[in-house]
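Novice: Can you read through this structure? Questions will come right after.
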Amino acid sequence: MTQPLNIIFAGTPDFAAVHLQALLDSEHRVIAVYTQPDRPAGRGKKLLASPVKQLAQQHDIPVYQPQSLRDDAAQAELAVLGADIMVVVAYGLILPQAVLDTPRLGCVNVHASLLPRWRGAAPIQRAIEAGDAESGVAIMQMEAGLDTGPVLTERRCTITARETGGSLHDKLAELGGPALLEALAQLAAGSAAPQAQDDSAANYAAKITKDEARLDWQRPAVELERQIRAFNPFPVCWTTYSDSKGEQRLRVYSAQLERGCHSDAPGTILGADAEGILVACGREALRLQLLQLPGKKALPAEEILKGYRELFAPGVQLGA
């Protein structure tokens, strides 16, 4: 039986909420939750509580939403809670050294990557984009550097040939809870053996922007196919086409790599049929399969061609 710990949990999105639920289902006591301030969402821009806040409220756990943890008042408020440990999962705020030093056992972080492979904000997407064969979850003791702390435990998984950012997110969320509970058991028992990271093997997983999701047809098809999978469901890759109203944005949710040479300019449509819209790339070609026109829902290319075949005819240039 693990010695129950009094835990402060800090996190914000769905990925974090999965880990909060794992703690709630364990013998540990979550005494407080820290999460990002409510944000405007939807067409009405009404303030929306984070998934972590919603879960905490369902379990009557006190919720704190400071704009920053750098001021003395916020740090004093946290210290009064008297936690044994702070668990941080995709919180979104930097923890200053004063906060890292406050809990008796320090702070641990659940990171959606095999450290030190991908440090930073978007490790799930960057792993797929880079063509990594595997990913995983690392439970790390936090220190002042960005994801540089020693690793307590990890869980690994394969990145499949059709893996998307969404499917890998769900895999890692499922792996993270058991790994976190194992690390907490080790810390509570005094048997943890943290392993220092090899800084020379680290890569920075920069935050993804919507502009970055624009498809550059000059690049090899193999890279674009990975990018499309990595950026599904967010921010979703896109290109442009032209109709009677001018330039329009076409979102691309899935595509298939087509081997073989061609002599057409990158972005040229080579063919369009029930199998998809075949587009020339800097090397080889990409068959676009699941697409979304402005104001419409995502549909297979075959369905889109029934109403808009002339817009995606062979010879038409995308992304001009």
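The values are calculated or read from the model by the stated rules, or taken from the named source; none is laboratory data. Because the structure is predicted, anything quoted here is derived from the model rather than measured. When we count neighbours, we look across all protein chains shown, and the Cβ atoms used for this are built from the backbone with ideal geometry, even at glycine.
Novice: Can you tell me which residue among ILE277, ILE269, ILE228 is modelled with pLDDT of 95 or more, in contact with a Phe, Trp or Tyr (Cβ under 8 Å, 6 or more places away or on another chain) and under 22 Å from THR160 (Cβ atoms)?
Specialist: Just one listed residue meets the conditions, ILE228.
Novice: Which residue out of GLN67, GLN125 is part of a loop (DSSP other than H, G, I, E, B) and of a type in the set (S, T, N, Q)?
Specialist: Working: GLN125 fails: part of a loop (DSSP other than H, G, I, E, B).
One residue alone meets the criteria, GLN67.
Novice: When residues of segment 243-262 are filtered for being modelled with pLDDT of 95 or more, of a type in the set (S, T, N, Q) and more than 18 Å from the chain's Cα centre (by Cα), how many remain?
Specialist: The number of residues fulfilling the criteria is 2.
Novice: Taking LEU270 as meeting all but one of (1) on the phi > 0 side of the Ramachandran plot; (2) in contact with a His (Cβ under 9 Å, 6 or more places away or on another chain); (3) of a type in the set (A, V, I, L, M), write down the number of the exception.
Specialist: Every condition holds for LEU270 apart from (1).
For (1) buried (at least 16 other Cβ atoms within 10 Å of the Cβ); (2) part of a strand (DSSP E or B); (3) under 16 Å from the mean Cα position of the chain (by Cα), each residue gets a yes or a no:
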| residue | (1), (2), (3) |
| --- | --- |
| MET140 | yes, yes, no |
| LEU168 | yes, no, yes |
| GLY177 | yes, no, no |
| SER200 | no, no, no |
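Novice: Okay, moving on. Within segment 255-294, how many residues are touching a residue at least 40 places away in the same chain (Cβ under 8 Å), in a strand (DSSP E or B) and not basic (Lys, Arg)? I'd like the intermediate steps shown before the answer.
Specialist: Within segment 255-294, the first condition is being touching a residue at least 40 places away in the same chain (Cβ under 8 Å), and the residues that meet it are 265-272, 279-286, 291-294.
The next check asks that each one be in a strand (DSSP E or B); those that pass are 268-272, 279-280, 283, 285-286, 291-292.
Now narrow it down to the ones that are not basic (Lys, Arg): 268-272, 279-280, 285-286, 291-292.
Selection size over segment 255-294: 11.
Novice: Let me ask another. Residues of segment 1-30 being exposed (fewer than 13 other Cβ atoms within 10 Å of the Cβ) and either in a helix (DSSP H, G or I) or among the charged types (D, E, K, R) (or both), which ones?
Specialist: Passing the criteria: only ASP25.
Novice: Moving on to the next point. If we keep just the residues of segment 80-106 that are within 28 Å of HIS169 (Cβ to Cβ) and of a type in the set (Val, Ile, Thr), which is modelled with the lowest pLDDT?
Specialist: Step by step, filter segment 80-106, then rank; the result is ILE94.
Novice: If you scan segment 206-218, which residues turn out to be in a loop (DSSP other than H, G, I, E, B) and touching a strand residue (DSSP E or B) at 6+ places or on another chain (Cβ under 8 Å)?
Specialist: ALA206, LYS207, LEU215, TRP217
Novice: For THR153, are the conditions met, namely being out of contact with any helix residue (DSSP H, G or I) (no Cβ under 8 Å at 6 or more places or on another chain), in contact (Cβ under 8 Å) with a residue 12 or more places away in the chain, closer than 20 Å to ALA90 by Cβ and of a type in the set (Ser, Thr, Tyr)?
Specialist: Considered against the rule, which asks whether it is out of contact with any helix residue (DSSP H, G or I) (no Cβ under 8 Å at 6 or more places or on another chain), in contact (Cβ under 8 Å) with a residue 12 or more places away in the chain, closer than 20 Å to ALA90 by Cβ and of a type in the set (Ser, Thr, Tyr), THR153 comes out as no.
Novice: Oh, and also: VAL33 versus (1) under 26 Å from the mean Cα position of the chain (by Cα); (2) in a loop (DSSP other than H, G, I, E, B): which is the lone unmet condition?
Specialist: (2)
Novice: Another question, if that's okay. Going through VAL80, VAL87 one at a time, which residue ends up being surrounded by 13 or more Cβ atoms within 10 Å (Cβ to Cβ) and β-branched (Val, Ile, Thr)?
Specialist: Of VAL80, VAL87, the one residue that is surrounded by 13 or more Cβ atoms within 10 Å (Cβ to Cβ) and β-branched (Val, Ile, Thr) is VAL87.
Novice: Hey, another quick one. Of the residues LEU47, LEU55, only one is free of Cβ contacts under 8 Å to residues at least 60 places away in the same chain, of a type in the set (A, V, I, L, M, F, W, C), more than 18 Å from VAL108 (Cβ to Cβ) and assigned to a strand (DSSP E or B); which?
Specialist: LEU47
Novice: Which one is farthest from ILE208 (Cα to Cα) among residues in segment 232-246 that are of a type outside the set (A, V, I, L, M, F, W, C) and in contact (Cβ under 8 Å) with a residue 40 or more places away in the chain?
Specialist: By that ranking, first place goes to ASP243.
Novice: Do we find that ASP243 is out of contact with any Gly (no Cβ under 6 Å at 6 or more places or on another chain) and loosely packed, with under 15 Cβ neighbours inside 10 Å in this structure?
Specialist: For ASP243, the condition - out of contact with any Gly (no Cβ under 6 Å at 6 or more places or on another chain) and loosely packed, with under 15 Cβ neighbours inside 10 Å - is met.
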